[in-house]
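Bear in mind these aren't lab numbers, they're just calculated from the coordinates by the rules spelled out. Owing to the predicted nature of the structure, the values given are computational and were not obtained by experimental measurement. Cβ coordinates were reconstructed from backbone atoms using ideal geometry, including for glycine residues, and neighbour counts include every protein chain displayed.
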Amino acid sequence: MAADNPIDPIHQFEISKIAEMQIAGIDISFTNSSLFMVFAIAATMTLFILGLTKRSIIPNRMQMLSELSYNFIANMLRDQVGDQGRAYFPFIFSLFMFIFFCNFIGLIPYTFTVTSHLIVTFAFAGLIFLAVTIIGFIKNGLGYLRIFYPSGIPIFLAPLIVPIEIISYLSKPISLSVRLCANMLAGHSILKIFAGFIVMLGFLGFAPLIFLVVLYALETLIAALQAYIFTILTCIYLNDALHPDH
Amino acid sequence: MKFFLKIFIFVFPLSEAYAEGQKSAGLPQMDISTFPSQLFWLIITFTALYLFMWKFVIPRLSTTIEERKDKISNDINDAENLNSEASKILENYDDKMNSASLESNEIVSSSKAAMNAYLDKLKKDNEIKINAMITESERKIHQQKQQSEQEIKKATIDTIKSIVSKYVETVPSDDEISKKLN
């Protein structure tokens, strides 16, 4: 059995129940995934509570950190969407902080990476897709359908372009969710495999150890980068919904 | 108690107790039975985070950042005001310096002129005095010269008379002698 193998790279993604719960016959047990979701929001809340209890004009370190993250997301939203995006800022900001902390907590050995599960990332991507589509139709009416037919394209190309645009629009939530999930899944599996090599090779294990250190740095980068990519793509989709002409 | 024990187990999943966990074939990501639980807890945690961000973090952060912006722009305004005030004062100072130097130049030139005039007057006065003294002394010298010439003449005549009287009986008169002398 693979589960008996101490270096089974998939083992870390297994979901185990901590407290059993059921509502109307549906299993909604509190699992390790739920625990690390709680950890992620607790980490975010701790950061902001520490940063915001003693607010001052000249910020201390924690306040600086929370203001940096605020300005980072606010600037991203302003650059991508403009002033109309202000209403969606709380969601974008929460989204970034949640994914960012899930990714980073998952890097700690023996932890669980919430974002390595497709259902979680797909829940976000699906929600964003639905919301963006609804916002697009509310703001532009049927004019929102123009995004499937970019201006400046000759009419005889329409039968070719429109289906491509529709497919690319519908595949947005899939690409968005799979990108994040696959990055987390692959990265953590490789880390586990190389960590296993260190144990297997004994004294010669220093070679995979060096590689593991480099890989870990890369994974740290990817954890931040994927949170950033997920957030900026959300902003771009939102911009498409608010300004379908561009 | 059992709950906390399980948390402990999941934070350290390599412990043997972990073997109690569920096992399923294939990727755990594809185990549909875990989806409702993940979605349920995702909704709960993310909603909590969203509300926290919306109601607590963002208002506070934006007011702090606004306050700082206001403070900075106020300070910049104050600094600009003070700067213009300082340049005004500097201008005033320069003006005053200029007028003072003009005034002092005037004073210097007027006092120079006064001094020159005084010196000229003094010179003239002295020249007049000196000239008067020179003419006076010239006159005196002239007078003395004439006097001494006459005396010399008289003495000469007297000498000639006395010498002549020793050799001749008839003593010539003074006029004759003076005629001869000349």
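Below are the figures for this structure:
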read-out	value
For chain B, with +1 on Lys and Arg beta carbons and -1 on Asp and Glu, the positive-most of B:Leu39, B:Leu61, B:Ala113 along the dipole	B:Ala113
Separation of the A:Arg146 and A:Ile190 label points, Cα + 7 Å toward Cβ, nm	4.3
Degrees, to the nearest 10: B:2-11 long Cα axis against longest axis of chain B	60
Trypsin sites (Lys or Arg not before Pro) restricted to DSSP loop in region A:99-186 with at most 12 other C-beta within 10 Å	none
Point-charge dipole on Cβ atoms (K/R +1, D/E -1) for region A:1-139, about Cα centre, debye to 20	700
Projected-area average for region B:96-182 over all orientations - Cα convex hull basis, square nanometres	8.4
Acute angle (nearest 10 degrees) that the helix B:35-52 long axis makes with the longest principal axis of chain B, alpha-carbon atoms	30
Region B:57-151, dipole about Cα centre (Lys/Arg Cβ +1, Asp/Glu Cβ -1), debye to the nearest 20	400
Inter-label distance, nm, simple model (7 Å from Cα along the C-beta direction), B:Ala114/B:Ile141	4.2
Chain A: relative contact order in percent, alpha carbon pairs under 8 Å with at least 6 residues between	25
Filtered GluC sites (Glu not before Pro), region B:77-182: DSSP coil and at most 14 other beta carbons within 10 Å	B:Glu169
